[in-house]
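Below: one structure, written as structure tokens.
The values are calculated or read from the model by the stated rules, or taken from the named source; none is laboratory data. No experiment lies behind these values; they were computed from the predicted model shown. Cβ placement follows ideal geometry from the backbone for every residue including glycine, while neighbour counts extend to all protein chains displayed. The protein model used for the area step is the full one, side chains on, heavy atoms only, and it has no ligands, DNA or RNA in it. Shrake-Rupley method; radii C 1.70, N 1.55, O 1.52, S 1.80 Å.
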Amino acid sequence: MKILGIETSCDETAAAVAEIRNTKFEILNNVIASQEKIHAKFGGIVPEVAARKHIEMMLLVLEKATVGLNLKKDIDAIAVTAGPGLVTSLTVGVETAKTLAIALNKPLVAVNHIEAHALAGLITTPIPNFKFQISNQCQSSKSKALFPAVCLVVSGGHTQIILVEKIGKYKVVGETLDDAAGEAFDKAAKIMGLGYPGGPAIAARATQFPISNFQFPIMVKFPRPMMNSGDFNFSFAGLKTAILYKWKELSKDKKGKELDALKIMFAKEFQDAVVDVMVGKTIAAAEKFHAKTVMLGGGVAANKALRETLANNVEKYFGGKVGFIVPDLKYCTDNAAMVAFAGYFKFLAGKFVDPFKLRADPNLEL
Ligand code: KG4
Ligand code: ZN
């Protein structure tokens with residue numbers, strides 16, 4: 001069978017087609033039209049602009065994702081992100097999916113965006129005891145069982161630690177009390193004039209540290225917020241304030257090479273602070289809930305330092321007894337392949353929605 005996934009929760013218009021054949025789940029087409037450049041001009045996402053662009057791009061993206069396929073004959077089900085996200089953006093994908101489902105008379109499933117991010121690592125991982133096997137790439141666990149798993153979902157809008165008892169059964173055990181991790185990256189980058197989106201910009205600067213033949217007069221040190229709070233919650237707003245004041249203090253009168261060096265040092269220390277907290281809390285949660293696997297997902301999962309540090313710590317603390325699953329880079333930031341994937345499990349469970357009744361829900365909970 002083939003399932004069409006549609007995703008428009010934020011600033012990416014995305015559609016993907018996945019084919020499930022016997023034991024294999026394969027992504028046939030994964031098309032993403034990013035609005036990054038448009039929003040970069042404003043230093044962040046402008047919801048009104050995002051929605052208009054989604055409307056312009058939706059059919060083009062759909063056409064590309066279904067190239068060579070006959071929608072009526074070849075597509076067996078439609079999955080769409082129904083929330084959480086920007087309501088004006090979500091509505092474009094939801095209304096498109098509803099229209100297709102009605103016109104083509106196909107079953108429709110509504111996908112939670114966080115669930116799609118959480119499961120994205122499994123697209124390329126075999127799932128034991130499941131009806132189908134998924135092409136193997138990044139399974140590192142010596143244990144056969146995947147669940148319970150502890151999944152860190154870190155994106156521009158969300159930061160949650162989720163206990164995955166099995167696919168479809170989730171418990172949020174920790175979350176941010178203010179800014180999301182990606183939002184913190186974006187705000188820190190804005191303070192230093194590194195542009196939008198901030199995550200990749202900060203990560204690129206951080207890798208330039210240390211600078212050969214350059215001596216920093218002082219080293220900045222940022223707090224690791226809530227590191228020892230005893231729970232699995234996060235707070236990044238204070239970190240943003242810390243970076244703002246330190247940046248104002250140290251960057252004044254600096255230009256050229258000196259200013260560049262300062263950006264590199266700030267980026268490295270900021271990234272280390274965020275990664276330390278995220279990794280510390282995820283490992284603690286994995287320990288508490290006796291996780292068999294640690295999973296990572298969301299746009300910030302594209303961060304190399306986070307991927308590597310979490311992988312190393314899972315190995316260090318659990319010595320091969322706990323697996324680590326991280327999505328391919330293309331399935332970290334928003335995409336519709338992960339929506340088709342999460343949607344397929346809803347399809348298997350018979351969790352269909354009435355296309356005449358489905359509404360986008362900006363606050364949809366797991
Ligand atoms: O999952 P996503 O595409 O959208 C939301 O659901 O929010 O995540 C986007 C976020 C942005 O905040 C972006 O700065 C961050 O992911 N991001 C990164 C990296 N690549 C994207 N953050 C840190 N390091 C990266 N390499
Ligand atoms: Zn996302």
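Within the group Asp334, Asp328, which residue is more than 10 Å from ligand 1 (Cβ to nearest atom), open to solvent by 10 Å² or more (accessible area, probe 1.4 Å), under 25 Å from Thr81 (Cβ atoms) and not hydrophobic (A, V, I, L, M, F, W, C)? Quick ask: steps written out before the conclusion?
Values: Asp334 fails: more than 10 Å from ligand 1 (Cβ to nearest atom).
Checking each option against the conditions leaves just Asp328.
Conditions first: (1) away from ligand 1 (no atom under 16 Å from the Cβ); (2) in contact (Cβ under 8 Å) with a residue 24 or more places away in the chain; (3) within 25 Å of Gly83 (Cβ to Cβ). Val314 passes all but one, so which condition is the exception?
All conditions are met except number (3).
Could you go through region 212-225 and let me know if any residue there is over 13 Å from Glu269 (Cβ atoms), in contact (Cβ under 8 Å) with a residue 12 or more places away in the chain, in a loop (DSSP other than H, G, I, E, B) and out of contact with any Pro (no Cβ under 9 Å at 6 or more places or on another chain). If you could, list the steps in order and put the result at the bottom.
Let us first name the residues in region 212-225 that are over 13 Å from Glu269 (Cβ atoms), namely 212-215, 217, 225.
Cutting the leftovers down to in contact (Cβ under 8 Å) with a residue 12 or more places away in the chain gives us 214, 225.
Adding the requirement that they be in a loop (DSSP other than H, G, I, E, B) leaves 214, 225.
Imposing the further condition that a residue be out of contact with any Pro (no Cβ under 9 Å at 6 or more places or on another chain) reduces the set to 214, 225.
Yes, region 212-225 contains at least one residue that is over 13 Å from Glu269 (Cβ atoms), in contact (Cβ under 8 Å) with a residue 12 or more places away in the chain, in a loop (DSSP other than H, G, I, E, B) and out of contact with any Pro (no Cβ under 9 Å at 6 or more places or on another chain).
Quick check: anything in region 236-258 more than 16 Å from ligand 1 (Cβ to nearest atom), open to solvent by less than 50 Å² (accessible area, probe 1.4 Å) and closer than 30 Å to Lys171 by Cβ?
yes
Give the residue, chosen from Leu28, Leu59, that is outside any strand (DSSP E or B), of a type in the set (A, V, I, L, M), over 20 Å from His113 (Cα atoms) and open to solvent by 10 Å² or more (accessible area, probe 1.4 Å).
Selected residue: Leu59, the only one of Leu28, Leu59 that is outside any strand (DSSP E or B), of a type in the set (A, V, I, L, M), over 20 Å from His113 (Cα atoms) and open to solvent by 10 Å² or more (accessible area, probe 1.4 Å).
Looking at (1) open to solvent by less than 100 Å² (accessible area, probe 1.4 Å); (2) basic (Lys, Arg); (3) out of contact with any helix residue (DSSP H, G or I) (no Cβ under 9 Å at 6 or more places or on another chain), which is the one condition that is false for Lys53?
For Lys53, the exception is condition (3).
Go through the residues of region 305-312 one by one and say whether even a single one is part of a loop (DSSP other than H, G, I, E, B) and away from ligand 2 (no atom under 16 Å from the Cβ).
Within region 305-312, the subset part of a loop (DSSP other than H, G, I, E, B) is none.
No - not one qualifying residue is present in region 305-312.
Okay, residues lined up against (1) farther than 18 Å from Pro327 by Cα; (2) at pLDDT below 90; (3) not in a strand (DSSP E or B):
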| site | (1), (2), (3) |
| --- | --- |
| Thr99 | yes, no, yes |
| Lys106 | yes, no, yes |
| Ala110 | yes, no, no |
| His117 | no, no, yes |
| Ala120 | no, no, yes |
| Gln139 | no, yes, yes |
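If you take the residues in region 79-119 that are open to solvent by 10 Å² or more (accessible area, probe 1.4 Å), touching a helix residue (DSSP H, G or I) at 6+ places or on another chain (Cβ under 8 Å) and small (Gly, Ala, Ser), which one is nearest to ligand 2 (Cβ to nearest atom)?
Out of the qualifying residues, it is Gly85.
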